[in-house]
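Scroll down for the structure; my scribbles are underneath it.
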Amino acid sequence: MKDKEIKRVVKEAYTKIAKQDNSCCGSANSCYGNTDLEQDISKKIGYTKEELSTVPEVANLGLGCGNPVALASLKEGETVLDLGSGAGLDCFLASSKVGEKGRVIGVDMTKEMIKKAKENAEKGNYKNVEFRLGEIEKLPIADNTIDVVISNCVINLSPNKRRVFKEIFRVLKPGGRIAISDIAILKKLPEKIKESIDAYVGCVAGAILIDKYRRIVEISGLKDIVITVKNSSACINDDTKDPIGRDILNRLGDNESLEGYVASIHIEGRKGEQ
């Protein structure tokens with residue numbers, strides 16, 4: 001698919017998720033707006049019961065592949081940017097970490113997600129959180145204004161990841177850092193999976209090899225880069241109740257699986273002092 005087609009497909013999928021309170025990425029079990037399932041999935045990928053109890057339940061769509069806020073070691077007074085903020089889960093968790101003097105900005109390209117996030121922020125009385133409509137390849141953020149960039153299972157969906165990290169570098173303050181949870185692949189995917197639209201929306205077909213991911217981050221200018229592989233097959237499983245997982249497995253055939261192909265990763269790094 002061409003870049004514009006990929007963006008259209010992804011935007012349509014996440015618009016549907018926002019409207020229906022459904023989620024279809026991060027873990028394929030979470031496609032039914034089932035709060036208990038989404039809570040369980042979030043715990044498995046790194047969120048604690050205590051963290052989840054402090055944010056609006058409707059902010060948790062079960063879309064992630066890690067807990068970037070836990071990775072970020074946020075400090076009071078910092079300004080945090082969340083790429084692909086969805087319904088606001090990670091923004092709300094970051095809010096309490098940076099305190100009243102801090103600020104959290106969520107950017108999402110889906111109008112319906114922005115609307116949902118703003119409603120959640122109002123209900124939860126999050127005074128230091130705001131949400132902006134925009135694309136992560138062209139952030140609506142001024143240069144050198146962000147202390148920490150976080151993101152959760154979103155950059156893999158971008159057809160221009162190099163541009164995303166150039167934008168991250170641009171908006172970070174000198175000395176600013178990243179704490180990103182994402183999906184990568186350990187070896188090349190079968191062509192029939194790479195060509196699947198469902199696999200793209202399900203976080204698989206858009207993922208790239210870890211070595212290529214590292215090169216993109218390095219080219220952006222970020223330093224002290226650390227990429228940690230957390231677990232494999234983070235995005236889909238063989239649950240026959242899940243439409244995306246079922247489509248991908250049907251494409252593979254009875255004697256194949258994605259085990260050993262897909263991994264969730266944590267990416268850390270910083271912008272040098274200038």
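Checked against the criterion of being small (G, A, S) and either under 19 Å from S264 (Cα atoms) or without any contact (Cβ under 8 Å) to a residue 24 or more places away in the chain (or both), the stretch 87-100 contains not a single residue that satisfies it. When V217, V226 are checked against the criterion of being out of contact with any Cys (no Cβ under 8 Å at 6 or more places or on another chain), modelled with pLDDT of 95 or more and surrounded by fewer than 13 Cβ atoms within 10 Å (Cβ to Cβ), a single residue qualifies: V226.
Among the criteria (1) over 15 Å from the mean Cα position of the chain (by Cα); (2) modelled with pLDDT of 90 or more; (3) outside any strand (DSSP E or B), the one I168 does not fulfil is (1). Filtering S151, S95, S85 for residues that are in contact with a Pro (Cβ under 8 Å, 6 or more places away or on another chain) and either over 30 Å from R215 (Cβ atoms) or of a type outside the set (A, V, I, L, M, F, W, C) (or both) leaves a single hit, S151.
Condition check ((1) more than 21 Å from R8 (Cα to Cα); (2) modelled with pLDDT of 95 or more) across all residues:
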{"position": "G64", "(1), (2)": "no, no"}
{"position": "V80", "(1), (2)": "yes, yes"}
{"position": "A87", "(1), (2)": "no, no"}
{"position": "G99", "(1), (2)": "yes, yes"}
{"position": "G102", "(1), (2)": "yes, yes"}
{"position": "G106", "(1), (2)": "no, yes"}
{"position": "V129", "(1), (2)": "yes, yes"}
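Do we have any residue at all in the stretch 6-28 that's at pLDDT 70 or above and in a loop (DSSP other than H, G, I, E, B)? The answer is no; no qualifying residue exists.
Here K173 meets the list (1) closer than 15 Å to K271 by Cα; (2) surrounded by 24 or more Cβ atoms within 10 Å (Cβ to Cβ) almost entirely, failing just condition (2). Counting the residues of the stretch 86-113 that are of a type outside the set (G, A, S) and within 15 Å of the chain's Cα centre (by Cα) gives 11. Across the stretch 63-106, the number of residues qualifying as in contact with a Ser or Thr (Cβ under 6 Å, 6 or more places away or on another chain), buried (at least 24 other Cβ atoms within 10 Å of the Cβ) and assigned to a strand (DSSP E or B) comes to 3. Contact map, the stretch 1-17: first residue within 14 Å of N160 (Cα to Cα), second residue of a type in the set (S, T, N, Q) and modelled with pLDDT of 75 or more, Cβ cut-off under 8 Å, separation 6 or more or different chains; pairs are D3/N160.
The values are calculated or read from the model by the stated rules, or taken from the named source; none is laboratory data. All values derive from a computational prediction rather than experimental measurement. With ideal geometry, Cβ positions are generated from the backbone for all residues, glycine too; neighbour counts draw on all protein chains shown.
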